[in-house]
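Scroll down for the structure; my scribbles are underneath it.
Nothing in this text is a laboratory measurement; each read-out follows from the coordinates by a stated rule. Worth saying up front: this structure is predicted, and the values here are computed from it rather than measured. A quick note on method: Cβ atoms are made from the backbone with ideal geometry, for glycine too, and the neighbour counts reach across all protein chains shown.
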Amino acid sequence: MKTIAFLLFLVLSTAPQGFTQSTETFDIISYNPPKGWQKELNKDAVQFGIDDRANDRQALITLFRSVPASADPRINFDTAWQKMVSEIVTVSGKPRMQPSANENGWTVESGFAGYESDGRKGLVMLLTLTGGSDMVNILTFTNTDAYQQIVTEFLASISLPKIAPFETTSSADRQTEPSRNPRLGSYKFTITNFDDGWKAAEEADWVKVTKGNTVVLIHYSVPDIRRFNNLDESTAHVWNTLVAPRYKNASNIWMRRSWYADGDFMNAKYFGEADVIDNATGKKVHVALFKDGTNGRWIEFISPDKAAFQTQFSPVYAQDGTDWNKLSVMGNYNKFAVAAEDLVGNWYSASGSNIQYYNVYTGNSAGMAFSSSNTEIGFQSNGTYKSVYKGVDNTQSGGGNRYHGETFTGKFTVTNWEMKLTNRFKGATDTFAIQFEAVKGGRILHMYRGSIEELHLFKMK
């Protein structure tokens, strides 16, 4: 995959420098390791680092094992950026995305952003490679361009097995003939009746939430809006992608522009609405499209008319005054009960955090501490489980990384919204509140143990 190197760096020379002649393999990835860099290896990742403290120069490359992924490369990148970057270090803003690349059945999404750590500014870069039903992530941190060529050559040396592209329905087919039938047989619970009268049903392209004559669609798809500078242009693009193909004779169209009172760019409010004719029923309806912030889902509101929409939710104003919470809260209705038979298999989760320290007398940076961890839980059909926790942390004192872990085996029981795991820490039985979130092609398992423990897992092969 020689094209990868061009995504983040200019290749300075075609002759490799600073690399060993041997090729190593980790998981499904082959590469040439950088010569003289410290290597750390565990089950989930291989990491190469160099720390030239005399010249205040550092660089770190982490190559993660392949994991199951969605069919959408951009969704995979955004998910990985949130977990591997945003939750671990403080970045200067959204990642600056590079053009996508495709080779041997793999699609590469890449981006970078500035960050500050321990009083030094640097660059964090993420490459997400999606192929078939898997993805591979490569993460680099550096506070200097001194190692630019070595990192470039490392990326250029990466080789992945050739695979056929992931087979999925084309976006055009999804737009013209969207599935309106639940994915029967995939999971035991595909419908949730909420106490407030709303009813959620899992369908192929969205979760359909209904009450009375109001329909709300929580879309799985996240169209690419990177090339648009303005919110109204972004909203119009998504409208044309997700909404317009299912309606006709649109009138009273309005795509709302951004307004400073909505918050910073991470909390942008995307909103558009129109009166349309539903192709499926021939009825005139009012449709509104909304997304709350960077990580929100695109939500479609279908009401008999505009007045009904405003009564059920909120009037939306060109400037401030809108009660956005009444719209954004609808994303919480993507929630389904869990059956024990749905859990059989291996589930995986990763998380991280960091703390920046400052001297209380001088105000100068006193270093940064960070931690990251992953959890894998295997559920068996006989009611037993095995959970493996692994973590790494580092203190601001520069003492190096510390690795730790814990393994538990026991029994599990599930009653819709609750799970009990026996033989946990010191033999205790832990109780979790649980729920499924529907995504394209599968589910995310959310587990909460009060404020003590929180896991968000996806199913592995």
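If the limit is 29 Å between Cα atoms, which of Lys39/Lys390; Lys39/Lys440; Lys335/Lys426; Lys199/Lys390; Lys43/Lys83; Lys83/Lys248 go over it?
Check vs 29 Å cut-off fails for Lys39/Lys440; Lys335/Lys426; Lys199/Lys390; Lys83/Lys248.
Return the sequence-ordered ³J(HN,Hα) values of the range 142-158 in whole Hz as given by the Karplus equation 6.51 cos²θ - 1.76 cosθ + 1.60 applied to θ = phi - 60°, using x for Gly and Pro.
7, 10, 7, 9, 5, 9, 4, 5, 5, 5, 4, 5, 4, 4, 5, 7, 5
What spacing in nm lies between the two simple spin-label points modelled at Lys39 and Thr294, each 7 Å away from Cα in the Cβ direction?
Taking the two extended label points, one gets 3.5 nm.
Working out 0.36 nm times the residue gap between Asn325 and Arg57, then minus their Cα-Cα distance, what length gain in nm do you get to one decimal? If you can, show how the numbers build up before the last one.
Values: separation 268, 0.36 × 268 = 96.48 nm, distance 4.55 nm.
Going from the current span to full extension adds 91.9 nm.
If R0 is 22 Å, what FRET efficiency do you get for Gln312 and Lys335 from their C-beta distance, rounded to 0.05? Spell out each step's value before the answer.
On the way: r = 20 Å, r/R0 = 0.89.
Computed FRET efficiency for Gln312 and Lys335 comes out at 0.65.
Set the Förster distance to 41 Å, then compute FRET efficiency between Arg226 and Lys386 from the Cβ-Cβ distance, nearest 0.05.
Computed FRET efficiency for Arg226 and Lys386 comes out at 0.50.
Below 18 Å, Cα to Cα, which aspartates and glutamates can Lys326 reach? Residues fewer than 8 away in the same chain don't count.
Those aspartates and glutamates meeting the cut-off are Asp195, Asp196, Asp262, Glu273, Asp292, Glu300, Asp305.
In nm, to one decimal, how far is the Ala428 label point from the Lys411 one, both placed 7 Å along Cα→Cβ?
The two pseudo-label positions are separated by 2.1 nm.
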